[in-house]
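First the structure, then my questions, so here it is.
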Amino acid sequence: MRWQRDAASSSIAKITILLAAYCVFSPPRLCADGFRNPFQSASAIAQGNAFAAQADDASALFYNPAAMTELRGIHLLAGVELIHVDTRFRNTAGEKTENDLGGPFGVPPPGQLFVTATPRDLGVSFPGELTIGLGVQNLFGFAARYPKDGPLRTVITSAKLPVLDFKPTVAYRAADWLSLGLGGDIFTFWDSVLGGAEQKFVSPGLPGMPAGSRVRITGTGTTATFNVSAFVTPLRAEGGARRMSLAFVYRGAAALPLNGELSLSGARIARSKSSLRFPESYTAGVAVWPIRDSQREWKIESDVDYVRWSTLRSIDFRFSNGVTLRNPQDWRDAVSVGIGTEHRWLRWNFLPDWEPALRAGYLWSMTPVPDKNFNPAFADSNVHVLSIGGGLTCRPGGKFLGLTSCGEEGKSSPWRHAGIDFAYQLLLFEPRIVSGHPNPAANGRYKTINQSLVLSFRAGF
């Protein structure tokens, strides 16, 4: 394969990779299922996250790794999410407070970077119908901050869980209608930039923590698990395009050790040791294309996620001075249901060298968090998510961002296609009244409305 890169395309690639690296090494602030962040590309988000059975870009690494076999050559996707979180709290005494972002969006914004490659398309005959991929994303995590003198100060003043997920993955096409995927999930922290997990609050008078002292508990660690997936295509149109596809994904559980320290009012008191369990999850999806011809494509998809949060029983903190901070969880299993659609124009006279797409979707997700251990760091409740978006794909004959050619028919080019996807997401959390919390300061009414603007860049080489 012969590669030609002009100065403009090289600069765009470098900027994209640097931006993506900056964004993925940051904690997600958008919760819709405990502290899990299932939103990993603009195309999927715009469709209510119903994407596992479509998975036609490099974010297949997350949504359905087995579908990577549909991606020829090398594919790249880098994304960023600008998120506005608005959580408002009123306690039983009528006192009010809200989270503090320090601006209209959380900074740094979360993001992701995915790359897939099919060796056979790069001139490597072995190992046949195999596709490999590597991704970096924020699958679990949160970050929140509240006023240090507010009514929630004995529960939280700030907290973060900036976990990174590295995803080495392979997929194999076993038959024309069946592909299988196997991957790893390596969860860790990027300590040198963002540190590890952290929780800050003002002690209400806990054992070993005098009332009024400023408490800071930290922790870092690394763990790993695996995922398996299947991609089934029972019906294809003439020419091989999919008419129907099915997705099945299993993601294993993992226990993340959190080893750090306990500080009181700025003074280090003891070493801290804890463990956080990430739950196993199951995803199933079905996509159909009622229209798929040389002029346009119309897809409808529905996905269901089932997450076994009930395995999260406790997050106790044990300190080297002999003190143990009990933190029972007893969460419930949770289900999310999404439905989405995409309409893509393959031939459009107004933009003959581009393929525009419009997308829309809806997602409902239930909260796994009971009142007795509700955490305002991720003020979760049942949520209704509305999303819209679109995309533009540059084909041979066009110029990406007016800077570099997307190639010419019959001639070599830096890439076979390049595109930008965008989405707007509105998360309407059902108002929640918390009662019976071990710390009475957490009891009250929580109302959360989140919004996000999502941008993804993708390219095929």
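The values are calculated or read from the model by the stated rules, or taken from the named source; none is laboratory data. Owing to the predicted nature of the structure, the values given are computational and were not obtained by experimental measurement. Positions of Cβ are generated from backbone atoms using ideal geometry, with glycine treated the same way; all protein chains shown enter the neighbour counts. When the accessible area is computed, the model is the full protein with side chains, heavy atoms only, and any ligands, DNA or RNA have been set aside. Shrake-Rupley method; radii C 1.70, N 1.55, O 1.52, S 1.80 Å.
Enter the angle in degrees (range 0 to 90, nearest 10) between the Cα long axis of helix 7-24 and the first principal axis of the Cα atoms of the chain, meaning the one along which they spread out most.
The angle comes out at about 30 degrees.
Let me have the relative contact order for the chain, percent, based on Cα pairs under 8 Å that are six or more residues apart. Please report the intermediate quantities before stating the final value.
Working: 1437 pairs, mean separation 83.2, N = 461.
It rounds to 18 percent for the chain.
Please give the charge dipole size of the chain, origin at the Cα centre, charges +1 on K and R Cβ atoms and -1 on D and E Cβ atoms. Round to the nearest 20 debye. Walk me through the intermediate numbers first.
Values: 47 positive and 38 negative charges, 185 e Å.
In total the dipole reaches around 880 debye.
Moving to a separate point now. Based on alpha-carbon centroids, what's the gap between region 117-143 and region 85-101 in Å, whole number please?
So the separation of the two Cα centres works out to 43 Å.
Oh, and also: Determine how many Å³ per residue the convex hull of the Cα atoms of region 134-178 encloses.
On the way: hull volume 4.5 nm³, N = 45.
For region 134-178, the hull spanned by Cα atoms encloses 100 Å³ per residue.
Another one. Using alpha-carbon positions, what is the distance between the centroids of region 248-287 and region 218-244, in Å?
That distance is 24 Å.
Which aspartates and glutamates does Lys299 reach when only Cα atoms under 13 Å apart count, and residues fewer than 8 places away in its own chain are ignored?
Correct list for Lys299: Asp56, Glu342.
Any idea of the accessible area per residue across region 236-380, 1.4 Å probe, to the nearest Å²?
On the way: 6600 Å² over 145 residues.
Spelled out: the 1.4 Å probe surface of region 236-380, per residue, equals 45 Å².
Here is a further query. Using the Kirkwood radius over Cα pairs, work out the Stokes-Einstein diffusion coefficient for region 143-221 at 4 °C and 1.567 mPa s, in µm²/s as a whole number. Let's see the in-between values first.
Numbers: Rh = 15.7 Å.
In µm²/s, the coefficient is 83.
List the pairs from Lys167/Lys273; Lys148/Lys273; Lys96/Lys148 whose alpha-carbon separation is above 20 Å, in the order I gave them. Please report the intermediate quantities before stating the final value.
Working: Lys167/Lys273 26 Å; Lys148/Lys273 25 Å; Lys96/Lys148 13 Å.
Among Lys167/Lys273; Lys148/Lys273; Lys96/Lys148, the Cα-Cα distance tops 20 Å for Lys167/Lys273; Lys148/Lys273.
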